[in-house]
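Structure, as structure tokens:
The values are calculated or read from the model by the stated rules, or taken from the named source; none is laboratory data. Worth saying up front: this structure is predicted, and the values here are computed from it rather than measured. Here the Cβ positions follow ideal geometry from the backbone for every residue, glycine too, while neighbour counts run over all protein chains shown. Note: areas computed on protein heavy atoms with side chains; ligands, DNA, RNA excluded. Shrake-Rupley method; radii C 1.70, N 1.55, O 1.52, S 1.80 Å.
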Amino acid sequence: MAKKTKRKSKRKLAHPKLPMQGQLNLRHEGTHFDLRPIFDNLNERYFRGRLRGYKVTWGRRRKHRPREYFIQEEDRLIRINPALDQPFVPPWFLRYILYREMLHSVVPDETLSQGRRRVHTEEFNRREREFPGYRRARRWEQENLSRFLR
């Protein structure tokens, strides 16, 4: 009797056996900023230390936007665009960006029709605006956006 071989599928598993973060080379230290102490400070100050077991890392520099994102929420990973690791970026702006990403971890998404979801809910927007320096950060982002799109 011939032995059956199991075909390997190229399809990704929805729930891999190991979290993706364990398979990646994560680095929180950039050239100009170290994300870990910023995350820890924000976590204590605004989230009462509730974001436990989270990794924070700089993303990879890419020529093109990735077609898919393979980091899953259960991996507890926050990835920051490496374009922000530059000397002209004010530390207070990076704090705002990291706070905003952390906020996604505590404010639930809204489920819309046809399985769609809204991540920037009214609650999310309200809490984002409560961040000290919110208006300053948004203004700086608009004024400097072209520096990141080169």
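Here are some notes:
- Shown in residue order for segment 126-141 are the 3J(HN,Hα) couplings computed by the Karplus curve 6.51 cos²θ - 1.76 cosθ + 1.60 at θ = phi - 60°: 4, 5, 5, 5, 6, 5, x, x, 4, 5, 4, 5, 5, 5, 4, 4 Hz (x for Gly and Pro).
- Here the peptides 35-42, 119-126 are ranked by packing, the mean other Cβ count within 10 Å, and the order with the highest first is 35-42, 119-126.
- When the solvent-accessible area of segment 94-146 is split by element, carbon and sulfur atoms take up 41 percent of it, the probe being 1.4 Å.
- Separation between Cα centres of segment 83-107 and segment 38-56, rounded to whole Å: 13 Å
- Environment charge at residue 142 (Cβ cut-off 14 Å; Lys +1, Arg +1, Asp -1, Glu -1): +3
- Using the Karplus relation 6.51 cos²θ - 1.76 cosθ + 1.60 with θ = phi - 60°, the per-residue 3J(HN,Hα) values for segment 78-86 come to 10, 10, 10, 4, x, 5, 7, 8, 9 Hz, with x marking Gly and Pro.
- Built amide H within the under 5 Å cut-off of residue 56, gap 5+: 78
- Net charge in the neighbourhood of residue 96 (other residues with Cβ under 12 Å of its Cβ; Lys, Arg +1, Asp, Glu -1) is +3.
- The modelled label-to-label distance between residue 110 and residue 130, using points 7 Å beyond Cα along the C-beta direction, is 1.8 nm.
- Separation in nanometres of the label points that stand 7 Å from Cα toward Cβ, at residue 54 and residue 147: 2.5 nm
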